[in-house]
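Single-structure report; data block below.
The values are calculated or read from the model by the stated rules, or taken from the named source; none is laboratory data. What you see is a predicted model; the values in this text were computed from it and never measured. Glycine gets a Cβ as well: all are built from the backbone with ideal geometry, and neighbour counts include every protein chain shown.
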Amino acid sequence: MHDNYSGPSFPSSSPSLNSGLPSPSSSGPKRVYEVATKRPDAISWDDYFMSIAHLSALRSKDPSTQVGACIVNEWNRIVGIGYNGFPAGCDDDRLPWSREAESELDTKYPYVCHAEMNAILNTNGAESKGCRIYVKLFPCNECAKLIIQSGIREVVYLSDKYHETDSCKASRVLFDMSGVRCRRHEPKIGEIRIDLRLPEGEKGTKQINDDG
Ligand SMILES: [Zn+2]
């Protein structure tokens, strides 16, 4: 559905940028140019935004579960991204990351902010109303409440591994009652590999001293 958006279009009768310049045919043999067509294998919007959710998850310090979220508006523009972690200013090294402990206060659960919450709060004033949210994991009931209250109308998720938990059951009740659509992402591509290393020849001659 969202794949139909094709960005700006240009009128076919737009004036040539070369008008006013001498015609190339007036001097020398005429050069034949190959006409380029668009790449047919650009990734889909859904794969693109789900990949951004994955990329955000790489920022998570949580040793057991890394979740990312990406909020997108009807024009396929990103309005917020987030990943799971402790609130700003709360030391990652002092708060616990455990899933189980004698006291709940020694687990991560009372302290951690889920990816959806952070994405909703990271919109820098942009409107979440009418948006869709891409998440690696089907939202818990606390995030379901935030999603609904922020006006997001669609949840696109990859994994639903906690489907049978009360939390996810409650999420489905809330999404169903409030009319928020949920769909599992069907990837068109298997993986994306991003190599941040440049080949030797492309590094340039001047190295910036990174000691400072
Ligand atoms: Zn949650």
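Table for the structure above
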quantity	calculated
Any hit, segment 121-133, residues being closer than 14 Å to ASN84 by Cα, at pLDDT 95 or above, away from the ligand (no atom under 11 Å from the Cβ) and part of a helix (DSSP H, G or I)	yes
Leading residue by the ranking (nearest to TRP45 (Cα to Cα)) among those in segment 135-189 that are β-branched (Val, Ile, Thr) and assigned to a loop (DSSP other than H, G, I, E, B)	ILE189
Segment 108-154, residues that are surrounded by 17 or more Cβ atoms within 10 Å (Cβ to Cβ) and of a type in the set (Ser, Thr, Tyr)	THR123, SER128, TYR134, SER150
Among the residues listed as TYR134, TYR162, TYR157, the single one being of a type in the set (Phe, Trp, Tyr) and over 17 Å from PHE49 (Cβ atoms)	TYR162
